[in-house]
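Here the structure comes first, spelled out in structure tokens, and everything after it is commentary.
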Amino acid sequence: GRLNAQKNLVYQIHAEFAQRTEIEYLFISHFHKDHISGIKELDRYCSIKNYVVPVISPQMLAESVLHDYFWVKTNGYGGNWFNDLFDVLEMIFEEKEPIQIGEGRRTLQVSAVRGSWVYIPYNPSRNPVNDIIVELKNHQQLVQLAEAFENLDFDKVKEEIQKADLDELKDAYYTAYD
């Protein structure tokens, strides 16, 4: 039979790593589902010493959440994507002490056995979606969601997005790109 995506992901992690393998650095470029969906299993199965992430801003959180929200709604993805996204964000930012690259610290260079890596994080200020918070505030019913993003309040974001009108969310999100 065909494996579903989550089972396949677990299979791939177990096939690539011995249990409790030490991973010195795990680099995360941004927080879209396709970049973070295996992190909980990887963290459980291996030993990740350092998470290297971009500084999370309200704009980045809003863009990540809304990008995945619309993808899921458009493609009919089932599963528990929403809680998975926030579980990973909470794990990284509340349980771990990530190395955040962005404001002040622009890059990180890591020497490795097979050469060196330079981590240059995603920069939301170069992205038109940087105005997503402003656009959300332009919609009366989305002001509280915008404020939850501004405060990086994961629980409030989860609560407010469940109440939000999908068409209004899409209007605010896509207007930020115009």
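The values are calculated or read from the model by the stated rules, or taken from the named source; none is laboratory data. Predicted model only: the values in this text are computed from it and were never measured. Neighbour counts are summed over all protein chains in view; Cβ atoms, including those assigned to glycine, are modelled from backbone coordinates with ideal geometry. Areas reflect the complete protein model, heavy atoms only, side chains present, ligands, DNA and RNA absent. Shrake-Rupley method; radii C 1.70, N 1.55, O 1.52, S 1.80 Å.
Would a scan of the range 15-25 turn up a residue that is closer than 28 Å to residue 59 by Cα and open to solvent by 70 Å² or more (accessible area, probe 1.4 Å)?
For the range 15-25, residues closer than 28 Å to residue 59 by Cα and open to solvent by 70 Å² or more (accessible area, probe 1.4 Å): present.
Return yes or no: is residue 99 among the aliphatic types (A, V, I, L, M), farther than 18 Å from residue 150 by Cβ and at pLDDT below 85?
Yes; evaluated as a whole, the condition is true for this residue.
How do the pairs read when you match residues in the range 23-34 that are over 14 Å from residue 99 (Cα atoms) with residues anywhere that are open to solvent by less than 40 Å² (accessible area, probe 1.4 Å) and of a type in the set (S, T, N, Q), using Cβ under 8 Å and keeping only pairs 6 or more apart or on different chains?
23/47; 31/64; 32/64
When the residues of the range 49-84 are narrowed to those that are buried (at least 18 other Cβ atoms within 10 Å of the Cβ), β-branched (Val, Ile, Thr) and not in a helix (DSSP H, G or I), which ends up modelled with the lowest pLDDT?
That would be 56.
Looking at the range 33-48 only, could you name the residues that are in a loop (DSSP other than H, G, I, E, B) and either out of contact with any Asp or Glu (no Cβ under 9 Å at 6 or more places or on another chain) or open to solvent by 30 Å² or more (accessible area, probe 1.4 Å) (or both)?
37, 38, listed by residue number.
Which residue pairs have Cβ atoms under 8 Å apart, sit 6 or more places apart or on different chains, and have a first residue in the range 123-143 that is modelled with pLDDT of 60 or more and assigned to a helix (DSSP H, G or I) and a second that is open to solvent by less than 80 Å² (accessible area, probe 1.4 Å) and hydroxyl-bearing (Ser, Thr, Tyr)?
132/173; 135/173; 135/175
Please identify the pairs in which a residue from the range 84-97 that is on the phi < 0 side of the Ramachandran plot has its Cβ atom under 7 Å from the Cβ atom of a residue that is open to solvent by 60 Å² or more (accessible area, probe 1.4 Å), counting only partners at least 6 apart or on another chain.
Hits for this filter: 87/40; 88/40; 91/40.
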